[in-house]
1. Does F265 satisfy the criteria of being aromatic (F, W, Y) and within 14 Å of M182 (Cα to Cα)?
2. Could you count how many residues in the stretch 74-92 are more than 23 Å from the chain's Cα centre (by Cα) and of a type in the set (A, V, I, L, M, F, W, C)?
3. Considering the stretch 259-297 alone, what residues qualify as being under 22 Å from P127 (Cβ atoms) and among the charged types (D, E, K, R)?
4. Out of R242, R226, R238, which single residue is farther than 30 Å from D61 by Cβ and touching a Cys at 6+ places or on another chain (Cβ under 6 Å)?
5. Taking the stretch 209-249, which residues are among the aromatic types (F, W, Y) and within 21 Å of L191 (Cβ to Cβ)?
6. Quick check: is even one residue across the stretch 272-281 more than 26 Å from Q168 (Cα to Cα), more than 19 Å from the chain's Cα centre (by Cα) and assigned by TED's automatic domain parsing to the domain that holds V185?
7. Are there strands (runs of 3 or more DSSP E) fully within the stretch 98-184 with at least 1 residues that are buried (at least 24 other Cβ atoms within 10 Å of the Cβ), touching a residue at least 12 places away in the same chain (Cβ under 8 Å) and out of contact with any Pro (no Cβ under 6 Å at 6 or more places or on another chain)? List them.
Amino acid sequence: MSRPRIAFLGTGLMGAPMATNLLKAGFAVTAWNRTLSKAEALHAVGATVVPSAAVAAEIADVVITMLEGGPIVETVLFESGVVAALKPGTLVIDMSSAEPHRARAHAGRLATLGIGYLDAPVSGGTPGAKAGTLAIMAGGSEADFERATPVFAPMGRATRVGPAGSGQLAKLCNQVIVSVTMAAVAEALLLASAGGADPAAVRQALSGGFADSKILQIHGGHMLERSFIPGGPAWTIRKDGRTILAAAREFGTAMPMAERANQLFEQLCAHGGEKYDSAAVLLELERVSGKRLGTKPDRVPS
C-alpha cells in the first residue's frame, strides 16, 4: 500500500521538525508556511515548498495543520481555499492547540463534505518534535485514527482519547498540569533560596522522589541558569490558560490552581515576557515576592 501524500501547513518551531521526521520516514511532504522562508528551509530534506496553502492541499491525501491557534486554523482551512481544494476522502489532522468546541465544529463541517478529521494536539515541545517523541492526543473516529497511525508514528506516540474535540480537551488537561507545575517549581526553588538552602542541590535531592518531573528537571534547570530563551514561549501558556478557563466555565468545573497559574502568565506577558520561555514565570514570582533566585544574569530573547 502506497504512503499517503501529506500537505503540512505551518512549519514553525514545532512544525518544521515534525515535517522533517515525516520526510525522513519516506513520506512525500508538500510544505507551506505564512512566512515562506520557514518552509523553504525544508527543501534541503526533500520537501516540496509552495506559496499557497490551497496549492499544498490539492494533491494531498492527508493535510496536517500546525498553526498558532484555533482562529488561524479556521482561517487557513475555510477562508484560504484549502477545504475547497480537498478531494473527498482526504483526512485533515489539526495538530495545533485549539478550543475543543472549535474542533467539534470543524469535524462537523468537514464531515458534510466527505472529509475525515482528527484533532491531535501534541505535548513535548521542540525537543520532542525534533526527536519524534511527542505525546499526540487524538480526537475523532476510530477509523480516521487508524488511517492516521502510520502518519503519527514518525512524530511520536499517538493515543485516541475520544470523539472529535477530545484531543484538544486532553491537551488542555496537559496544560493545566504544565502551568501549575511550572509555577510550583519556581515557588519551590525560590523558597529554597530564600531559606538559605542551595536551590540546585534541593533540585538534585528531589530527583527520583514524588516531586520529580520533567518540568523540575528541564525548566527547573532553566530557572537556576536564568535562561529564558524560548523553547515554548510564555504566550502559548497564556493562550492555553485562557482556553482552559473558558472550558472550565463551559463544563462548570472549579479550577482555582489553573486560574492562579494563568494569572501569573498573564502578568508575565503584560510585563514584556510573552516571548520568553515559559520558565520565566519565575520572574513574575520574583516580582511578587521581592526575592531573586541566584546571581546569574538573565538570558532573554533579543
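1. yes
2. The qualifying residues number 4.
3. E274, K275, D277
4. Details: R242 fails: touching a Cys at 6+ places or on another chain (Cβ under 6 Å); R226 fails: touching a Cys at 6+ places or on another chain (Cβ under 6 Å).
Just one listed residue meets the conditions, R238.
5. In the first step, residues of the stretch 209-249 are kept if they are among the aromatic types (F, W, Y); the result is 210, 228, 235.
Matches in the stretch 209-249: F210, F228.
6. Within the stretch 272-281, the subset more than 26 Å from Q168 (Cα to Cα) is 272.
Applying the additional criterion that residues be more than 19 Å from the chain's Cα centre (by Cα) yields 272.
Filter again for assigned by TED's automatic domain parsing to the domain that holds V185, leaving 272.
Yes, some residue in the stretch 272-281 is more than 26 Å from Q168 (Cα to Cα), more than 19 Å from the chain's Cα centre (by Cα) and assigned by TED's automatic domain parsing to the domain that holds V185.
7. 116-119, 134-139
Yes/no per residue for (1) in contact with a strand residue (DSSP E or B) (Cβ under 9 Å, 6 or more places away or on another chain); (2) touching a residue at least 60 places away in the same chain (Cβ under 8 Å); (3) surrounded by 14 or more Cβ atoms within 10 Å (Cβ to Cβ); (4) not charged (D, E, K, R):
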| residue | (1), (2), (3), (4) |
| --- | --- |
| L189 | no, yes, yes, yes |
| G195 | no, no, no, yes |
| F265 | no, yes, yes, yes |
| P301 | yes, yes, no, yes |
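The values are calculated or read from the model by the stated rules, or taken from the named source; none is laboratory data. Quick caveat: nothing in here was measured; it's all calculated off a predicted structure. Cβ: placed from backbone, ideal geometry, glycine included. Neighbour counts: every protein chain shown.
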